[in-house]
Amino acid sequence: MGELRKDYFTDRLAIITKGVTERSMALRFEEEISKKCPYCPGHEDMSLPAELVLVQREGALIKLADTEGEIIKDWCVRVLPDKFPVVALDAATTYGDEPLYREPAYGYHYIVVASPKHDEFFSRMSLDQWVNVLSVVQDRVRWLYGQKNVSYVSIFANHGKNAGALVEHPHLQIITLPRLPPVIEQEASKVQKSMSELGICPMCNVLHIESGGPRQILATDHFIAFSPWAPSYAFEYWIFPKKHQTSILRITQKEIKDLALTLRSTLGGLSNVLNDPSYSMIFHISSEKKTTRQLHWHIEIYPQHKRLNGFEIGTKTYINQLSPEQAAELLGSASRKELAKLLGIS
Ligand SMILES: [Zn+2]
Ligand SMILES: [Zn+2]
Ligand SMILES: [Zn+2]
């Protein structure tokens, strides 16, 4: 399997996978899915056995796993190893020092099938199902941080073709890394520096500034959604827990319900404003490794309606014709309508 390399000069990382054979397998996989969806009930044998399956039995939700001989039917959420993993347990054992830094791309790559219903997009999913998905993600992330060589657990979802989703069926992905990705390293350093010098979390400070301001989209009991000051994408927005919290692993059942409401309302709002756009949803959480710095966890949502141009890719300076204030106004009104519908307020 592959290796993880670091750029000569910067902290940028690249995973080099084996290439030809896997790619052709992936293409064959794509061909397969054009005929039938591998994540739909009844097609479970197209994937590897699920390691975590949430099922409803006699009114209660229980967690099971597929075995060699038995695939669990009537599931609500399934977690299965990806058939074409980006990182793997049998990674190459090659190491190298800078400037040719490399280490094995060791890790776990899972698919979280978010619903048995093929067209139940995240923006239309019931609140109960959202709670199920978030609880399963929390469970798997907790387990992964207990495994060796897992420094960071990346949770994300791609929805729609422009966001690179190969399968339309709603799903999230979890990929672990043996070291912190640069963006998490940067955010965590900033938090730690401010904490030790000023005694305040800079992310809590930003929430204080954005709360009730022109970029706020929605605020619930425990979460706030807002368009960031300097967005990379039009209609990009972030969701933060209002109180200082380092990881999704720390949130209570009550907070999970509130997060489900926030996600469902804002994604519903986004979908209404842009007519079901492609988007990526990325969780930024703290590492659970004892030696690493902590951040204030959050979710970032990037709508993908246009490709980045050369200037943006080459300079990491993004051009936005829509201001975050205008985006927040549109997303705010659409999200509040969704929220009112979900809560039964007309
Ligand atoms: Zn499907
Ligand atoms: Zn904070
Ligand atoms: Zn972030």
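Where a number appears in this text, it was derived from the coordinates with a stated rule and is not lab data. Computed from a predicted model, the values in this text were never measured in an experiment. No Cβ is skipped: glycine too gets one built from the backbone with ideal geometry, and neighbour counts run over all protein chains shown.
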Of all residues in the stretch 154-166 being over 16 Å from Val133 (Cβ atoms) and out of contact with any His (no Cβ under 8 Å at 6 or more places or on another chain), the one that is nearest to ligand 2 (Cβ to nearest atom): Ser154
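Residue-wise test of (1) in contact (Cβ under 8 Å) with a residue 40 or more places away in the chain; (2) loosely packed, with under 15 Cβ neighbours inside 10 Å; (3) within 21 Å of Phe84 (Cβ to Cβ).
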{"site": "Trp130", "(1), (2), (3)": "yes, no, no"}
{"site": "Val141", "(1), (2), (3)": "yes, no, no"}
{"site": "His159", "(1), (2), (3)": "yes, no, yes"}
{"site": "Ala163", "(1), (2), (3)": "yes, no, yes"}
{"site": "Lys193", "(1), (2), (3)": "no, yes, no"}
{"site": "Pro202", "(1), (2), (3)": "no, no, no"}
Go through (1) away from ligand 2 (no atom under 16 Å from the Cβ); (2) in a loop (DSSP other than H, G, I, E, B) one by one and return the number of the condition Arg293 breaks. (1)
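Can you find a residue in the stretch 305-324 that is part of a helix (DSSP H, G or I), crowded, with 20+ Cβ neighbours inside 10 Å and within 16 Å of ligand 3 (Cβ to nearest atom)?
The answer is yes; a qualifying residue exists.
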Going by the structure shown, is Ala234 at negative phi, buried (at least 16 other Cβ atoms within 10 Å of the Cβ), under 21 Å from the mean Cα position of the chain (by Cα) and more than 16 Å from ligand 2 (Cβ to nearest atom)? yes
Just to be sure, is Asp221 in contact (Cβ under 8 Å) with a residue 24 or more places away in the chain and on the phi > 0 side of the Ramachandran plot? no
